[in-house]
Amino acid sequence: MGIYNISQKAVTGLLRSVFRARITGIENFPMDGPVIVASNHLAFLDSIIISAMMPRRVSFLAKAEYVNTPGLRGKAMKAFFEAVDIIPVNRTDRSESFKALETALGKLEEGKVFGIYPEGTRSRDGHLYRGKIGVAWLAHMTGAPVVPIGLIGTDRLQKPGSNMVYPHRFTIRIGEPLYFEKTGEKMTGKQRRQTTDVIMDRIAELSGQARKHEYNVSPSAARDAG
């Protein structure tokens, strides 16, 4: 049994026993072929939770700063990310962000599962923000089904800026797969926008969140812009 499988079983057991995690719609998850998981984003732990609770291995992107931290913490985070297949990326660099999408494309072309947060960064106020079009680009490039996920209550597990984790119950709701035309590079900007909006509407139905029709901005990005 590999490191990923051991890590997944350990985390799944913890989430079910201590946090009393609830999951619905697991039967909607395709058991073979490429799959794009598109979820709302409330907490740092979301990627770990989804990776642990899904029936197939899910790759995610994460901010490179988590593994660039000096000392033992940075090394520990890098080892953990590698174990659970989370790929660090510098999201403030547009070229690096595009490389990240190419990495995701490679995973999907290999028939694997890739997870993405269309909002781009986690919501600090509980609202669901406007989705960015990277998820649609992946869907139209590959024809892979998009499985929408609504996370409810994961924001209560860990407060922003805190290393403490609190045992609150949370719910994962998995929706039916959404299918979009495989167009390759022929997709239009309007098509990407419409596809993204459809995906975000379904996520909103699953999560029950109030909507904000603007893009979310992380505190670090806001500081840099200021």
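Below 22 Å Cα-Cα, how many Lys pairs turn up in the stretch 129-208? Only count pairs eight or more apart in sequence, or on different chains, if you could.
Qualifying lysine pairs in the stretch 129-208: 4.
Of 99, 190, which has the most accessible area with a 1.4 Å probe, and how do the rest follow in descending order?
190, 99
Leaving ligands, DNA and RNA out of it, work out the accessible area of residue 168 with a 1.4 Å probe and give it in Å² to the nearest 10.
80 Å²
How much accessible surface area, in Å² rounded to 10, belongs to the heavy atoms of residue 171 with a 1.4 Å probe?
For residue 171, the solvent-accessible surface is approximately 20 Å².
The values are calculated or read from the model by the stated rules, or taken from the named source; none is laboratory data. All figures in this text were calculated on a predicted structure; none of them were measured in a lab. Remember, those area values only see protein heavy atoms, side chains included, never the ligands or the DNA or RNA. Shrake-Rupley method; radii C 1.70, N 1.55, O 1.52, S 1.80 Å.
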